[in-house]
Amino acid sequence: MHYGRFLVTTPIYYVNDNPHIGHAYSTIAADILARYWKNRGAETFFLTGSDEHGMKIAQAAAKAGITPKEFADKISNKYKEAWSELNIGYNNFIRTTDADHEKFVQDFVQKLYDNGDIYPDKYSGLYCVGCEEYKKDEDLEKGNICPVHKKECEMIEEDIYFFKLSKYQGQILEAIQSGKYSIEPESRRNEIFKFLAKEPLRDLAISRSKVEWGIQIPWDKNQTIYVWVDALLNYLSGSKGFWPPQLQIIAKDIFRFHAIIWPAMLLATGYELPEKLFIHGYFTINGQKMSKSLGNVVDPVEIAKVYGTDALRYFVMREVPFGADGDFSLDRFDQRYRADLANDLGNLFQRTIVMAANAKVHWEYVGPIKKFPEFDALMEELKFSDALGLIWKMISEANVLIDAEKPWELAKVDPAKNEKLLQGLLDTLANISDLIGPFMPETQAKMIEQLKTGKPEVLFPRKK
Ligand code: MSP
């Protein structure tokens, strides 16, 4: 598989809270892929951003005693700062309060209305502000408690507009079944397929009469557009004509919005469906759910400040197979930093460059020496952890070779053989630098610099 063009998106994150390791995870994955496909010659576009409307943001702003817009400005800046710290090279950071996005959303909804896909009706139901979603009774715990947010849902009754979601059920099923709309991992595809095949979809409440902080329904000044419809449309408005996405990355918490509402909206307006939706897992922290109340929220910027951005990027991608749930623990992080980065990779570089300099080896950096189809296959399948495993196999083989051949002794008895050995090792370093680039861009730059100048520099300083 080869992409000539590659549009990759992350969820746009709610600005009610600061960026944490979970947000960083999706964003780092998208960044790695954007870099990877760019290197392979694809025209790439990487879209991320912030989700700024709705009741949840309005309530958080009220609590902070500032306007929702002031609140959104503040937190969306924090996201931008965090992404800059983590070396995230997005092409567009969309904010749903951007004027052109708001206009796009209104035009889109108007089109649905004009096509006859929107009708007015009464709604009464239990609403979870945390999920920004009406809940069915059977999805709630006793006392109308939302199982995700552990908070009681609010009973809301209003005259609103509905989108004919049910009309598109068959088409969505068909798109998933035929592979036109690919959902991965397979278990997620089966899950959504079963869900869609079993239950008739209910139409979607697409407006709110009681939420002021949102985009106005163009034909009814008393209503705002449901925040999820507004948010999903970022993918279209933010990608600036670069449609459709080759890959949309999300986690399981927002799976149904993306696998059902989103394709229905696109089908209803004649846009192409995304090629692939990938659902990754959730990080727990030392085995526990990450939550403010537990006080265990991990700030990726703090970690990057101590260990370096690349160590963080490496750890999250190596530790957990993409798609599975995983755990984040600082002990484990520290272990991998010492073993994989400082020891295996750092040492290999350091000693090879030093030995090559001592032996005055003739070698010039000309970029990677070899192609690695096995690595490419893993990247194409989003098997980041295995792809890194393959690089580390090369690293460990090179270290084993050095220990076995002992160039420092070989230099004395057979300088010609030693030169060849070191040239081979330098070639390996050039290959490793190439493969590692999308994952660890800063480290790659340092590696290449060393290969060019022959001057060693510690890549991963030892921590106390
Ligand atoms: N604003 C919506 C998304 C709209 S997209 C059109 C939203 N925002 S969010 O801030 O709650 O972000 C949810 C996303 O953050 C998840 O889908 C996932 O990508 C990431 N993660 C949040 N917590 C996470 C973990 N604990 N572990 C891994 N990823 C997590 O939902």
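Of the residues that make up the range 224-240, is at least one more than 15 Å from the ligand (Cβ to nearest atom), buried (at least 17 other Cβ atoms within 10 Å of the Cβ) and under 30 Å from A72 (Cα atoms)? If you could, list the steps in order and put the result at the bottom.
Going through the range 224-240, the residues more than 15 Å from the ligand (Cβ to nearest atom) turn out to be 224, 240.
Next, only the ones that are buried (at least 17 other Cβ atoms within 10 Å of the Cβ) stay: 224.
This time we only want the ones that are under 30 Å from A72 (Cα atoms), so: 224.
Yes: the range 224-240 contains one or more residues that are more than 15 Å from the ligand (Cβ to nearest atom), buried (at least 17 other Cβ atoms within 10 Å of the Cβ) and under 30 Å from A72 (Cα atoms).
Considering I57, I12, I21, I28, which residue is surrounded by fewer than 22 Cβ atoms within 10 Å (Cβ to Cβ) and within 11 Å of the ligand (Cβ to nearest atom)?
Details: I57 fails: surrounded by fewer than 22 Cβ atoms within 10 Å (Cβ to Cβ); I12 fails: surrounded by fewer than 22 Cβ atoms within 10 Å (Cβ to Cβ); I28 fails: surrounded by fewer than 22 Cβ atoms within 10 Å (Cβ to Cβ).
Answer to the check: I21.
Residues N77, N87: which one is open to solvent by 10 Å² or more (accessible area, probe 1.4 Å), closer than 30 Å to D325 by Cβ, more than 12 Å from the ligand (Cβ to nearest atom) and modelled with pLDDT of 95 or more? Steps first, please.
Working: N77 fails: closer than 30 Å to D325 by Cβ.
Result: N87 is the single residue among N77, N87 that is open to solvent by 10 Å² or more (accessible area, probe 1.4 Å), closer than 30 Å to D325 by Cβ, more than 12 Å from the ligand (Cβ to nearest atom) and modelled with pLDDT of 95 or more.
May I ask you to verify whether S50 is open to solvent by 10 Å² or more (accessible area, probe 1.4 Å) and among the hydroxyl-bearing types (S, T, Y)?
In short, no.
Can you find, within the range 31-49, the residue that is farthest from the ligand (Cβ to nearest atom) among those that are assigned to a helix (DSSP H, G or I) and not aliphatic (A, V, I, L, M)? Show your work before the answer.
Looking only at the range 31-49, we keep the residues that are assigned to a helix (DSSP H, G or I), and these are 31-39.
Those still in the list that are not aliphatic (A, V, I, L, M) too: 31, 35-39.
On the way: D31: 13, R35: 19, Y36: 19, W37: 20, K38: 22, N39: 24 Å.
Looking at residues that are assigned to a helix (DSSP H, G or I) and not aliphatic (A, V, I, L, M), I get N39.
From the list A339, A356, A311, which residue is assigned to a helix (DSSP H, G or I), free of Cβ contacts under 8 Å to residues at least 40 places away in the same chain, under 25 Å from L429 (Cα atoms) and of a type outside the set (F, W, Y)? Before the answer, list the steps.
Numbers: A356 fails: free of Cβ contacts under 8 Å to residues at least 40 places away in the same chain; A311 fails: free of Cβ contacts under 8 Å to residues at least 40 places away in the same chain.
Only one candidate qualifies: A339.
Can you name the residue in the range 213-223 that is open to solvent by 10 Å² or more (accessible area, probe 1.4 Å) and either within 16 Å of the ligand (Cβ to nearest atom) or in contact (Cβ under 8 Å) with a residue 40 or more places away in the chain (or both) and is also nearest to D159 (Cα to Cα) among such residues? Before the answer, list the steps.
The initial filter retains those residues of the range 213-223 that are open to solvent by 10 Å² or more (accessible area, probe 1.4 Å), namely 213-214, 216, 218-223.
With either within 16 Å of the ligand (Cβ to nearest atom) or in contact (Cβ under 8 Å) with a residue 40 or more places away in the chain (or both) added as a condition, the list becomes 213-214, 216, 218-220, 223.
Numbers: W213: 18, G214: 17, Q216: 15, P218: 16, W219: 14, D220: 12, Q223: 9 Å.
Going through the qualifying residues, I end up with Q223.
Would you check which residues across the range 417-431 are buried (at least 22 other Cβ atoms within 10 Å of the Cβ) and within 29 Å of A30 (Cα to Cα) and list them?
L429
Any idea which of F328, F349 is buried (at least 20 other Cβ atoms within 10 Å of the Cβ), in contact with a strand residue (DSSP E or B) (Cβ under 8 Å, 6 or more places away or on another chain) and of a type in the set (F, W, Y)?
On the way: F349 fails: in contact with a strand residue (DSSP E or B) (Cβ under 8 Å, 6 or more places away or on another chain).
Answer to the selection: F328.
Mind checking which pairs have a first residue in the range 364-382 that is within 14 Å of D434 (Cα to Cα) and a second that is modelled with pLDDT of 95 or more and open to solvent by 100 Å² or more (accessible area, probe 1.4 Å), Cβ under 9 Å, 6 or more apart or different chains?
From residues that are within 14 Å of D434 (Cα to Cα), the pairs are Y365/K452.
Criterion first (open to solvent by 50 Å² or more (accessible area, probe 1.4 Å), in contact (Cβ under 8 Å) with a residue 12 or more places away in the chain, assigned to a helix (DSSP H, G or I) and away from the ligand (no atom under 13 Å from the Cβ)) does K63 satisfy it? Even if it seems obvious, please write down each step before you answer.
Numbers: open to solvent by 50 Å² or more (accessible area, probe 1.4 Å): yes; in contact (Cβ under 8 Å) with a residue 12 or more places away in the chain: no; assigned to a helix (DSSP H, G or I): yes; away from the ligand (no atom under 13 Å from the Cβ): yes.
When the stated conditions are applied, K63 does not pass them.
Restricting attention to the range 104-120, does a residue exist that is within 20 Å of W228 (Cβ to Cβ), within 16 Å of the ligand (Cβ to nearest atom) and of a type in the set (S, T, Y)?
No; the residues of the range 104-120 include none that is within 20 Å of W228 (Cβ to Cβ), within 16 Å of the ligand (Cβ to nearest atom) and of a type in the set (S, T, Y).
List, please: which pairs have Cβ atoms under 6 Å, are six or more places apart or on different chains, and start with a residue in the range 2-30 that is over 17 Å from I88 (Cβ atoms) and end with one that is near the ligand (Cβ under 7 Å from one of its atoms) and at pLDDT 95 or above?
Y14/D51
I'd like to know if the range 171-182 contains one or more residues that are away from the ligand (no atom under 16 Å from the Cβ) and among the aromatic types (F, W, Y). Even if it seems obvious, please write down each step before you answer.
To start, the set of residues in the range 171-182 that are away from the ligand (no atom under 16 Å from the Cβ) comprises 171-182.
Subsequent filtering for residues that are among the aromatic types (F, W, Y) retains 181.
The answer is yes, given that some residue of the range 171-182 is away from the ligand (no atom under 16 Å from the Cβ) and among the aromatic types (F, W, Y).
Every residue in the range 365-384 that is at pLDDT 95 or above, open to solvent by less than 40 Å² (accessible area, probe 1.4 Å) and either touching a Leu at 6+ places or on another chain (Cβ under 6 Å) or not in a helix (DSSP H, G or I) (or both), please.
F372, F375, L382
Looking at (1) assigned to a helix (DSSP H, G or I); (2) touching a residue at least 12 places away in the same chain (Cβ under 8 Å), can you tell me which one A404 breaks?
Failing condition for A404: (2).
How many residues, within the range 128-171, are outside any loop (DSSP other than H, G, I, E, B), touching a residue at least 40 places away in the same chain (Cβ under 8 Å) and under 22 Å from S209 (Cα atoms)?
Within the range 128-171, residues that are outside any loop (DSSP other than H, G, I, E, B), touching a residue at least 40 places away in the same chain (Cβ under 8 Å) and under 22 Å from S209 (Cα atoms) number 10.
The values are calculated or read from the model by the stated rules, or taken from the named source; none is laboratory data. Predicted model only: the values in this text are computed from it and were never measured. Every residue, glycine as well, gets a Cβ built from its backbone with ideal geometry; the counts of neighbours run over all protein chains shown. Note: accessible area is taken over every heavy atom of the protein model, side chains too, but ligands, DNA and RNA are not part of it. Shrake-Rupley method; radii C 1.70, N 1.55, O 1.52, S 1.80 Å.
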